[in-house]
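Undergrad: Following this message is one structure expressed as structure tokens.
The values are calculated or read from the model by the stated rules, or taken from the named source; none is laboratory data. Please read all numbers here as calculations on a predicted model, not as lab measurements. Here the Cβ positions follow ideal geometry from the backbone for every residue, glycine too, while neighbour counts run over all protein chains shown.
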Amino acid sequence: MPKLSYFYFESCPFRRMVNQVIEQLNIKVEYCNIHADEKAFELLHKTTGKTMVPCLFIDGKALFESADIVAWLKDNAERLEKI
């Protein structure tokens, strides 16, 4: 199963769509709020060169754009670890 780390911040409107799918599918992810956790912000920036969210790391590889994240989660839901 891939390890999922989800980088976001609370006021991001695009985060809501991704969060809803994560909750609906009951998928286990590591939540990384880049406004509340300086290390998460630094890791996102250092790894990708960007501070754009939402961003889903799938086994260390970044996937940006909420629609792309939602599509990937739905396409891979059966092989992802559940809560």
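Undergrad: Does LEU44 satisfy the criteria of being on the phi < 0 side of the Ramachandran plot, surrounded by 11 or more Cβ atoms within 10 Å (Cβ to Cβ) and free of Cβ contacts under 8 Å to residues at least 40 places away in the same chain?
TA: Answer is yes for this residue.
Undergrad: Only one residue in LYS82, LYS28 is under 15 Å from PRO2 (Cβ atoms), charged (D, E, K, R) and in contact with an Asp or Glu (Cβ under 8 Å, 6 or more places away or on another chain). Which one?
TA: LYS28
Undergrad: Exactly one of these conditions fails for ALA71: (1) among the hydrophobic types (A, V, I, L, M, F, W, C); (2) in contact with a Leu (Cβ under 7 Å, 6 or more places away or on another chain); (3) surrounded by fewer than 17 Cβ atoms within 10 Å (Cβ to Cβ). Give me its number.
TA: Tallying (1) among the hydrophobic types (A, V, I, L, M, F, W, C); (2) in contact with a Leu (Cβ under 7 Å, 6 or more places away or on another chain); (3) surrounded by fewer than 17 Cβ atoms within 10 Å (Cβ to Cβ), ALA71 fails exactly one: (2).
Undergrad: Hey, another quick one. Specify the residue that is nearest to the chain's Cα centre (by Cα); the eligible residues are those in region 12-36 that are modelled with pLDDT of 95 or more and in a loop (DSSP other than H, G, I, E, B).
TA: Here the residue is VAL29.
Undergrad: Give the residues of region 53-83 that are in a strand (DSSP E or B) and either in contact (Cβ under 8 Å) with a residue 24 or more places away in the chain or in contact with a helix residue (DSSP H, G or I) (Cβ under 9 Å, 6 or more places away or on another chain) (or both), sorted by residue number.
TA: Correct list: CYS55, LEU56, PHE57, ILE58, ALA62, LEU63, PHE64, LYS82.
Undergrad: Could you tell me how many of the residues in region 31-50 are within 10 Å of PHE7 (Cβ to Cβ) and touching a Phe, Trp or Tyr at 6+ places or on another chain (Cβ under 7 Å)?
TA: The total comes to 6.
Undergrad: A follow-up question, please. Just to check your reading of the model, which residue among LYS39, LYS50 is over 11 Å from the mean Cα position of the chain (by Cα), assigned to a loop (DSSP other than H, G, I, E, B), without any contact (Cβ under 8 Å) to a residue 24 or more places away in the chain and loosely packed, with under 15 Cβ neighbours inside 10 Å?
TA: LYS50 is the lone residue from the list that is over 11 Å from the mean Cα position of the chain (by Cα), assigned to a loop (DSSP other than H, G, I, E, B), without any contact (Cβ under 8 Å) to a residue 24 or more places away in the chain and loosely packed, with under 15 Cβ neighbours inside 10 Å.
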